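Participant: Before anything else, here's the structure in question.
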Amino acid sequence: MEQARVGADSAPETRLRLALERAGLPEPELNHPTELGFGVVREPDLGYREQRVAVEYVGEGHSEPAQIVRDIEREEDYSRAGWHLVRISKRHIGNDARFAVSKVLAAMQERGWTPK
């Protein structure tokens, strides 16, 4: 229970956050309202504001046509605002989320973050 955080929307998001922390990444903010432009606010599942890295877990519900359109719009909003959006799916979470961690780590390092 002490590893649980208010704001997590799903168990996979929690598993991802914990894997990122075990890998030495800082604890991300969860679903924090992030202004990306005039009137454009998004809430990334996991976010690193200082590096402008947003992490979104893309679950089963993201395969619906209307959701695909919303996901494309979300990605464009992040891009226009200079953020790097990392999309993670179920296949990235296996094996202690090693592939997911490597994707987020690469984005963070690209944005100037270095392990302490």
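Participant: Name the residues of the range 60-99 whose amide N is less than 15 Å from a point 7 angstrom out from the Cα of residue 22 along the C-beta direction?
Facilitator: Taking a point 7 Å out along Cα→Cβ of residue 22, the residues of the range 60-99 whose backbone N falls under 15 Å are 92-99.
Participant: What accessible area per residue comes out for the range 37-109, rounded to a whole number of Å², with a 1.4 Å probe? Please list the in-between numbers first.
Facilitator: Numbers: 4180 Å² over 73 residues.
For the range 37-109, the per-residue accessible area is 57 Å².
Participant: Please report how far the C-alpha centroid of the range 32-48 lies from that of the range 87-116, rounded to the nearest whole angstrom.
Facilitator: 20
Participant: I'd like the trypsin sites (Lys or Arg not before Pro) in the range 14-68 restricted to DSSP loop residues with at most 16 other Cβ atoms within 10 Å, sorted by number.
Facilitator: Details: sites: 15, 17, 22, 42, 49, 52; in loops: 49, 52.
Answer by residue number: 49.
Participant: Are there any GluC sites (Glu not before Pro) in the range 32-67 that are in a DSSP loop and have at most 15 other Cβ atoms within 10 Å? List them by number.
Facilitator: For GluC sites (Glu not before Pro) across the range 32-67 that sit outside H, G, I, E and B with at most 15 neighbouring Cβ atoms in 10 Å, the list reads 50.
Participant: Within the chain, what whole-number % of the accessible surface is contributed by carbon and sulfur, with the 1.4 Å probe and all protein chains included in the calculation?
Facilitator: Working: 3600 of 7060 Å².
The value for the chain is 51 percent carbon and sulfur by accessible area.
Participant: Please sort by residue number the chymotrypsin sites (Phe, Trp or Tyr not before Pro) in the range 12-116 whose DSSP state is loop and whose Cβ has at most 14 other Cβ atoms within 10 Å. Mind showing how you got there, number by number?
Facilitator: Working: sites: 38, 48, 57, 78, 83, 99, 113; in loops: 38, 83, 113.
Hits after loop and neighbour filter: 38.
Participant: Right, here's the next one. Could you tell me which of rounded, prolate or oblate describes the range 8-105, using a ≥ b ≥ c as the square roots of the eigenvalues of the alpha-carbon gyration tensor, with rounded for a/c under 1.5 and, failing that, prolate when a/b is larger than b/c and oblate otherwise? Don't skip to the end; give the middle numbers.
Facilitator: Details: a/c = 1.96, a/b = 1.26, b/c = 1.55.
Because a/c hits 1.5 or more and a/b fails to exceed b/c, the range 8-105 counts as oblate.
The values are calculated or read from the model by the stated rules, or taken from the named source; none is laboratory data. Since the structure is predicted, the reported quantities are computational estimates derived from the model, not experimental observations. Neighbour counts are summed over all protein chains in view; Cβ atoms, including those assigned to glycine, are modelled from backbone coordinates with ideal geometry. What goes into the accessible areas is simple: the full protein's heavy atoms, side chains included, and nothing from ligands, DNA or RNA. Shrake-Rupley method; radii C 1.70, N 1.55, O 1.52, S 1.80 Å.
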